[in-house]
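Structure first, commentary second.
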């Protein structure tokens, strides 16, 4: 039988600091959209860099998002945190520059990307992509004991 234990705030913060990638989720017209993303964490804010495309369209329509982060050792040793929040888009260049510097500290190969739209012979377009007061759900599996808890707290998810 699996035992479910609670992760402390310190354990949650350590996991978010350590892993730096997770699954970003948003919803558009009732349909979920989840994809892997790298992130940076500073204080209680999570920064995610993305190009203009489906994610930004969905976030503009519905800024309620989540980020799931996990560390999986084996079936008896895993931890997971889900941060739910409201995405905020950075629009001021000094804020974007500061956030980009933060992201590049942990992902130095990140470079500007281009969004291109291709029109096929039938006229169809194909797009290629070259937040506050969230609630967190945590789950950890450690030595046969799984940890899980719902936490309301001050983490922001910031998109730029």
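Of the residues making up segment 22-41, those that are touching a helix residue (DSSP H, G or I) at 6+ places or on another chain (Cβ under 6 Å) and closer than 21 Å to residue 79 by Cα are 40, 41.
Restricting 78, 40, 9, 44 to residues that are surrounded by 16 or more Cβ atoms within 10 Å (Cβ to Cβ), in contact with a strand residue (DSSP E or B) (Cβ under 9 Å, 6 or more places away or on another chain) and more than 19 Å from residue 110 (Cβ to Cβ) narrows the list to 78. Please find, within segment 42-53, the residue that is modelled with the highest pLDDT out of those that are under 13 Å from residue 87 (Cβ atoms) and touching a helix residue (DSSP H, G or I) at 6+ places or on another chain (Cβ under 7 Å). Once the filter is applied, the top-ranked residue is 47. Report yes if some residue within segment 109-129 is at pLDDT 85 or above and not in a helix (DSSP H, G or I); otherwise report no. No.
On inspection, residue 15 qualifies as under 14 Å from residue 79 (Cβ atoms) and in contact with a strand residue (DSSP E or B) (Cβ under 9 Å, 6 or more places away or on another chain). Scan segment 60-108 for residues that are within 25 Å of residue 26 (Cβ to Cβ), part of a loop (DSSP other than H, G, I, E, B) and at pLDDT below 90 and the total you get is 4.
The values are calculated or read from the model by the stated rules, or taken from the named source; none is laboratory data. This one's a predicted model, so the numbers in the text were calculated from it and none came from an experiment. Methodologically, a virtual Cβ is constructed for each residue, glycine included, from the backbone with ideal geometry; neighbour enumeration extends over all protein chains shown.
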